[in-house]
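Q: Below are the structure tokens for one structure; questions will follow.
The values are calculated or read from the model by the stated rules, or taken from the named source; none is laboratory data. The structure displayed is predicted, hence computed values, not measured ones. Virtual Cβ from ideal backbone geometry, glycine too; neighbours counted across all protein chains shown. Heavy atoms of the whole protein, side chains included, go into the accessibility calculation; ligands, DNA and RNA do not. Shrake-Rupley method; radii C 1.70, N 1.55, O 1.52, S 1.80 Å.
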Amino acid sequence: MNIPNILTSVRIFMIPILVAIYYLPWEGRYYACAVIFALAAITDWLDGYLARKLNQTTPFGAFFDPVADKVMVSVALVMLVASYAHPLLTLASAVIVGREIVISALREWMAEMGKRASVAVSYVGKLKTAMQMLAIFILLGTPPGSTWAFIGQSVLVVAALLTLWSMYVYLKAAWPELMPKESNEK
């Protein structure tokens, strides 16, 4: 185990803690959940940075880092959908989770073909991630119905739109492999 892998593991262990605190009958739960989510987001950035900087990339980290991110985001979105029960938040969350499933499958398929670089992380993907983390941080940190909750929902809708754009970019890059032209020449 190295520091990046420990940070990834800590992020995985933060998930049940986030869920438990979110459902506690305690007024401070919103702030506590926002802090936990922010720490998870920081460890996500930090473990990747340290793995590259210290040359400590491992198969464990390559696999579990994106899994930890996707599970943390998905669990947070499921909790928020249950609490807010708002159609726009539900749709935005479904778009975000659905895109993660599609792109994860696409990356795995492209890796099997030896063309994973064709679906590398793009600038739009990074911007999408930043907006989605900000939205979830805001939504976890405020009770439904507040002004900040409305702002968080708006940021989540923007994140969902960026999610669709990002998915388009990835699918466009992979399209020649997904739909190869058949040669009519004999």
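Q: Of the chain, which part is the longest with no GluC sites (Glu not before Pro) in a loop (DSSP not H, G, I, E, B) and with at most 10 other C-beta atoms within 10 angstrom? Each step should come with its number before you reach the end.
A: Working: sites that count: E27, E182, E185.
Of all site-free stretches, the longest is 28-181.
Q: At 7 Å along Cα-to-Cβ for each site, give me the label-to-label distance between A62 and A85 in nm.
A: Result: 4.6 nm between the two label points.
Q: Once you have a ≥ b ≥ c as the square roots of the Cα gyration tensor eigenvalues for the chain, tell me rounded if a/c is under 1.5, and otherwise prolate or oblate according to whether a/b is larger than b/c.
A: Details: a/c = 2.62, a/b = 1.43, b/c = 1.83.
Oblate, because a/c is 1.5 or more while a/b does not exceed b/c.
Q: Evaluate the distance, in nm, between pseudo-label points positioned 7 Å from the Cα of E112 and of A94 along their respective Cα→Cβ axes.
A: 2.8
Q: Additional query: To the nearest 10 square angstrom, what accessible area does I21 show with a 1.4 Å probe?
A: Here the residue's solvent-accessible area equals roughly 40 Å².
Q: Using the Cα centre of the chain as origin and beta-carbon charges of +1 (Lys, Arg) and -1 (Asp, Glu), tell me which of L50, A174, Y22 is placed farthest towards the positive end of the dipole.
A: Result: A174.
Q: On to the next question. Which chymotrypsin sites (Phe, Trp or Tyr not before Pro) from the range 1-61 combine a DSSP loop assignment with at most 11 other Cβ atoms within 10 Å? The partial results should precede the final answer.
A: On the way: sites: F13, Y22, Y23, W26, Y30, Y31, F37, W45, Y49, F60; in loops: Y23, W26.
Here the chymotrypsin sites (Phe, Trp or Tyr not before Pro) that fit, given the DSSP loop and packing criteria, are W26.
Q: Same structure again: On full extension of the chain, what length is gained from S74 through Y168, given 0.36 nm per residue of separation minus the C-alpha to C-alpha distance? Present the calculation step by step, with values, prior to reporting the outcome.
A: Details: separation 94, 0.36 × 94 = 33.84 nm, distance 2.06 nm.
Taking S74 through Y168 to full extension adds about 31.8 nm, to one decimal.
Q: Then there's this: Have a look at R29, R52, R107 and tell me which one the Gaussian network model of the chain (Cα, springs below 10 Å) gives the largest fluctuation.
A: With Cα springs under 10 Å in the chain, the top fluctuation among R29, R52, R107 is at R52.
Q: Evaluate the relative contact order of the chain (contact order divided by residue number), counting alpha-carbon pairs under 8 angstrom at least 6 apart; express in whole percent. Display every interim value, and only then the final one.
A: On the way: 165 pairs, mean separation 45.5, N = 186.
For the chain, the relative contact order is 24 percent.
Q: Same structure again: Let me have the 222 nm mean residue ellipticity of the chain computed from DSSP H runs of 4+ only, each contributing -39500 (n - 2.57), with the sum over all residues rounded to the nearest 500. Mind dumping the intermediate values first?
A: Values: 6 runs with 148 residues, N = 186.
Helix-only estimate at 222 nm: -28000 deg cm²/dmol.
Q: If you don't mind, there's one more thing I want to ask. Averaged per residue, what accessible surface does the range 57-137 expose to a 1.4 Å probe, in Å²? Kindly include the intermediate steps, with their values, before the conclusion.
A: On the way: 4120 Å² over 81 residues.
Computed with neighbouring chains in place, this is 51 Å² per residue.
Q: Just the number, please: carbon plus sulfur as a percent of the accessible area of the chain, 1.4 Å probe, no ligands or DNA/RNA counted. Numbers along the way, then the final one.
A: Values: 7640 of 10760 Å².
The computed percentage sits at 71.
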